[in-house]
Amino acid sequence: MANTDTAAQQDVTTPAGTPTAQRAGRLGPPAWFALVFLLPALVFLGAYMVYPILFSVYRSLWDASGTEFVGLANYVEMFTDPSTFVALRNNVIWVVVAPTVVTVAGLVFAVLTERMRWATAFKIVVFMPMAISFLASGVIFRLVYEQDPDRGVANAVLTTVHDTFVPSAAFPTARPREGVGLTEEPNGAVALSEQVSPGDGPLLLPMVGVADDELPAGATTAELPQSTAQGISGVVWLDFTRGGTGRNGVIDTTESGMPGMRVQAVRDDEVVASVRTDDNGTFTFAGLQEGSYTVQLAAANFTEPYQGVTWLGPTLVTPAIIGAYLWVWAGFAMVLVAAGLSSIPREALEAARVDGATEWQVFRRVTVPLLSPVLLVVFVTLMIYVLKIFDLVFIIAPGSVQADANVLALEMWRVSFGGGNDQGMGSALAVFLLVLVVPAMIFQVRRFRREN
Amino acid sequence: MSTREEAAPVQSHSPSAKTTPAAMGEGAPPRSVAARIVGRIGSGLMQFALIVIGVFWLVPTLGLFIASLRSPADNSASGWWTVFTQPSQLTLRNYAQLLSNDSFVASFWNTIAITVPSTVIIVVIASLAAYALAWLEFPGRDWLFLAVVAMLVVPLQIALIPIARLYGSLGIFGSITGVVLFHVGYGLPFAIFLLRNFFAAIPRDLLEAARMDGGREFTVFRRVILPLGGPAIASLTIFQFLWVWNDLLVALVFAGADTQPMTKALQSQMRQFGANIDVLASGAFLSLVIPLLVFFAFQRYFVQGLTAGAVK
């Protein structure tokens, strides 16, 4: 490979350098002969590239059915219609965010793997999604992003992590027994209606709405605690006896305490003490100052368990799909950057290290600047791909949020084939997409001419 | 020329990556014990980070694979990871059902009937054109090639409406032929670009010698260019194969109900994602098995084609 490479460069430069000498003695067929080789390609390029561009521009100036000339009306509508505007906005987000994220990930992965022994295995794993269709990737990520944490792995991980740091509520369904002096506060807490002071008799906080099998394994029969002179004590229990023989608001013999309930003593709207109930449901606030307190069961006891994130809801759907895009394309960026990385002269890095630069400084001041041409190529390439992103959005966004996840290429399909049947607008969107890639086209052509 | 410069290091990369640690060890100045411990910890952290990232990249595909091996009832009741505690959930029923589903099997054959011809046609047409652009002299050659470079980035969307109309009047809308020809037309700029760059790198002496021997142009093409251009043609074949195999949009617009490839057949099931998870998971997995096999078998050519196509 390396040999042919240098040969190629000599070759390309020689004819330009000494045209007459080379041309005069050149062998080969007359010019018209090239047409034989080129003809099939020219027919296809004419039919699938040149003709469509011309026709689309022309068609975009006509109305939906193509019977009435409307001038630039389709283009005006494109920027004023709310649904195309959402598509436009999302496309901007995509084009700015996705190439950046993917390029950075590629850079990080390439640098991390550079000196690893099993780098090849890692690269294969990250690169593999490139071979898979967007449809399959879409199905894969629909599964990942399932809302129910029992089914979607993303939310399963999130809820597990969340519950590790913030234990989930023990009794989300519990509610106070009615008519015994307990009220539900607007913030979700359950409070005793009457204020109490240290030394008052044991408090009764009967609860209902919890099934027997939802009680923690350690729960024992509820007991009435001793009253204490300086403190406030009480019991939280499940005021329910199977068979209906229990009395409301009274601790019957078989009724169970509710362990782990967070009980708070509140004074002047401020929580001054907080304890958890024992296995038999009892709790005691010791050492409270004189005065009257409201005793309440904290709202956290009753909040619904954390259900993870609505990935595919209207607000997060675009970032979620960009995440899937990163999964597909990071390997591409990584491989290109790694190729660039391996062509950086070792001496440059070593020299910086010998001069006492830290690894970060080497990365920041030497590696990245030397890589910048490669990074630019990766970035621009991704921009071109992202601009016309269609499949992933079409597959991952559920029908109900497709309008929120809309992008130009998807809108173009929807308008002209997916039911809209407005080929004037569809052509205008296609022409607009073409106009958007013109800067990339110029970048590409100039880069090519410079290098030749 | 840059494309080959980019492609070349990729090929030689894995060996150089392997030799790097040793070279680093020899070349690095002697370091203190403390520095070495810090280095060890740093490299340990890096390895850990890589493992975590690797898991992130593997888990989604693993999830699809396991979901495809669970009954619809299990899939709607619990997550795929529960198979690790209840392996009895695993079943091949989804696949058995899918393979006895005539319309899915038909879509599999459609995918092949679309992918194989379009790959063959594009390789033939593009190598002829690339040879002309690289080695035949004719007026306007450079401009024509620059036009091809510019066409690399033309979005496919621009051709959908015009070609749909054209196909309508030719009577091939909804036919396999129409889909195949569209793929050829839209894939040509990249194919010509890739091959032309590679062909141009073939040493002039070899061609001149063949021509001197009185070889006719087609003979030179067949005897010199095609064998030497083998790697590039392999790259193009694989790349084009995967591109067409994985396509959804072209099929969505141009394929009919009985000519649709797997991607379109599966897409039509997406509307009831939860209810069709058995078909979708197993079908999606079947549809990605062949690309993955191609990828593993011809990895280097695939990477080469991809890097050469940067800024498509």
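Bear in mind that the values in this text are calculations on the coordinates, not laboratory data. As the structure is a computational prediction, the values presented were derived from the model and not from experiment. Please note: Cβ atoms are built from the backbone with ideal geometry, for glycine as well, and neighbour counts cover all protein chains shown.
For the protein assembly as shown, what is the convex hull (Cα atoms) projected area averaged across all directions, in square nanometres?
In nm², the orientation-averaged hull projection of the protein assembly as shown is 45.4.
Report ³J(HN,Hα) in whole Hz for each residue of region B:186-201, in order, from the Karplus equation J = 6.51 cos²θ - 1.76 cosθ + 1.60 where θ = phi - 60°; Gly and Pro get x.
3J(HN,Hα) across region B:186-201, in whole Hz: 6, x, 4, x, 4, 4, 5, 4, 4, 6, 4, 4, 6, 4, 5, 7.
Counting alpha carbon pairs within less than 8 Å and at least 6 residues apart, what relative contact order, in whole percent, applies to region A:170-324?
Reported relative contact order: 27 percent.
Would you please state the base-10 log of I(q)/I(0) at q = 0.07 1/Å for chain A, with intensities from the Debye formula using one equal scatterer on every alpha carbon?
For chain A at q = 0.07 Å⁻¹, log10 I(q)/I(0) is -0.67.
Would you mind putting A:54-65, A:354-365, B:127-138 in packing order, based on average other-beta-carbon counts within 10 Å, highest first?
B:127-138, A:54-65, A:354-365
Give me the three principal axis extents of region B:100-307 from the C-alpha atoms, as integers in angstrom, largest value leading.
67, 41, 26
What length, rounded to one decimal in nm, is gained on full extension from A:Thr164 through to A:Ala211, with 0.36 nm per residue of separation minus their alpha-carbon distance?
14.5 nm
Based solely on its DSSP helices, what 222 nm [θ] is calculated for the protein assembly as shown when runs of n ≥ 4 H residues each add -39,500 (n - 2.57) and the sum is averaged over all residues, nearest 500 deg cm²/dmol?
It lands at -19500 deg cm²/dmol.
Taking the Cα-to-Cβ direction at A:Thr220 and at A:Phe85 and moving 7 Å from each Cα, how far apart do the two end points lie in nm?
6.7 nm
Restricted to Cα positions, what overall size does region A:185-293 have along the principal axes? Three whole-Å values, descending.
Its Cα atoms span 42, 31, 24 Å along the three principal axes.
Where the centroid of each part is defined by its Cα atoms, how far is region A:203-268 from region A:77-100 in Å?
First find each Cα centre; the distance between them is then 57 Å.
Would you mind calculating the relative contact order of region B:177-261 from Cα pairs under 8 angstrom and at least 6 residues apart, reporting the percent as a whole number?
44 percent
Whole number please: convex hull volume per residue of the Cα set in region A:330-419, in Å³?
116 Å³
Let me know the mean shielding of B:140-151 by other chains, meaning the per-residue number of their Cβ atoms within 10 Å of its Cβ.
If you average over the peptide's residues, the count of other-chain Cβ atoms is 4.
Over chain B, what is the relative contact order in whole percent, taking alpha-carbon pairs under 8 Å and six or more residues apart?
Relative contact order for chain B comes out at 30 percent.
Compute the helix-to-body angle for A:317-342: its Cα long axis versus the longest principal axis of chain A, expressed 0 to 90° and rounded to tens.
50 degrees
Going out from 0 in 10 Å bins, what whole percent of all Cα-Cα distances in region B:33-91 drops into each bin?
21, 31, 19, 15, 11, 3
Per residue of B:264-277, what is the mean number of Cβ atoms on other protein chains within 10 angstrom of that residue's Cβ?
That works out to 3 on average.
Please sort A:143-153, B:170-180 by packing, taking for each peptide the average over its residues of neighbouring beta carbons within 10 angstrom, highest first.
Most protected by this proxy first, the peptides run A:143-153, B:170-180.
So, with +1 on the Cβ of K and R and -1 on the Cβ of D and E, and no other charges, what is the size of the charge dipole of the protein assembly as shown about its Cα centre, to the nearest 20 debye?
The dipole of the protein assembly as shown has a size of about 3840 debye.
If I model a spin label as a point 7 Å beyond the Cα along the Cα-Cβ vector, how far apart are those points for B:Asn276 and A:Ser274 in nm?
4.9 nm
Please compute, for peptide A:391-398, the average count of beta-carbon atoms on other protein chains lying within 10 Å of each residue's beta-carbon.
3
Counting only residues 5 or more places away or on other chains, whose amide H sits under 5 Å from the amide H of A:Tyr293 once H atoms are built in the peptide plane?
A:Val196, A:Ser197
Tally the DSSP beta bridges in the protein assembly as shown and give the antiparallel ones as a percent, rounded to 5.
Given both bridge residues lie in the protein assembly as shown, the antiparallel proportion sits at roughly 80 percent.
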